[in-house]
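J.: Before we start, here is the structure in question, set down as structure tokens.
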Amino acid sequence: MNPLLPRPGALRPRPRPAEPALPDRLPGGPAAPKDSTLDLRDADREVAIAQLFDEHYARLLRLAVLLGAEQDAEDVVSEAFYQLHCRWAKLKTPEAAAGYLRSIVCNLTRMRIRRIKVVRRHTYAERDDLVRSAEQQVLLDDDQRALVAALRTLSSRQRQALVLKYWLDLKETEIAETMRISPGAVKSHTARGMAKLTSVMKEQSR
């Protein structure tokens, strides 16, 4: 064998040592993200609420106006979407969101009416008609304004029952869920509200 030639096998590449695994956290740095499930859930919520806003905002705005929210209708609906955003994780199913929004609008409007009544008790002069926003004027035509005026003479529960039944065309079970009362109470409020509304409308038409 030629002593100047390398021995057989001497030129075989030696195995490289395994590289050390990178740590999950660098010294002084934040921990590496391990799970993005929460981020995805938040993204889904934003998309769903945006879609609900596009589909239901105008309808909920008219609902608030008919229930008596008047110039505060836009604030009521905006607050409803804000509460939905905060409590999204508590919904049983995403399909329950629309009903949840209706329920919030009803509750917020009822609270507003109660607050106005308290204020009026401590006010010497009352205005029969509150100033409405320009958008609300577009939402209602003359007949609807007359209907709103008649609805104001009803109790809050009677007004809600009639609007949900005859304007939104909801079933009694859906109305009961929205108003958080029993189906029997829905029937009672609907019957009494319709009787009074009919009487008021007749008086207005004279």
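Bear in mind these aren't lab numbers, they're just calculated from the coordinates by the rules spelled out. Predicted model only: the values in this text are computed from it and were never measured. Here the Cβ is made from the backbone with ideal geometry for all residues, glycine too, and neighbour counts use every protein chain on show.
J.: Can you pull the one-decimal nm distance between simple spin-label points at R152 and R59, each 7 Å off the Cα toward Cβ?
T.: Placing both labels 7 Å beyond Cα along the Cβ direction yields 2.8 nm.
J.: Moving to a separate point now. Provide, for q = 0.13, 0.22, 0.25 Å⁻¹, the log10 of I(q)/I(0) from a solvent-free Debye sum over equal Cα point scatterers in the stretch 40-122.
T.: The calculated log intensity ratios at q = 0.13, 0.22, 0.25 Å⁻¹ are -0.42, -0.97, -1.17.
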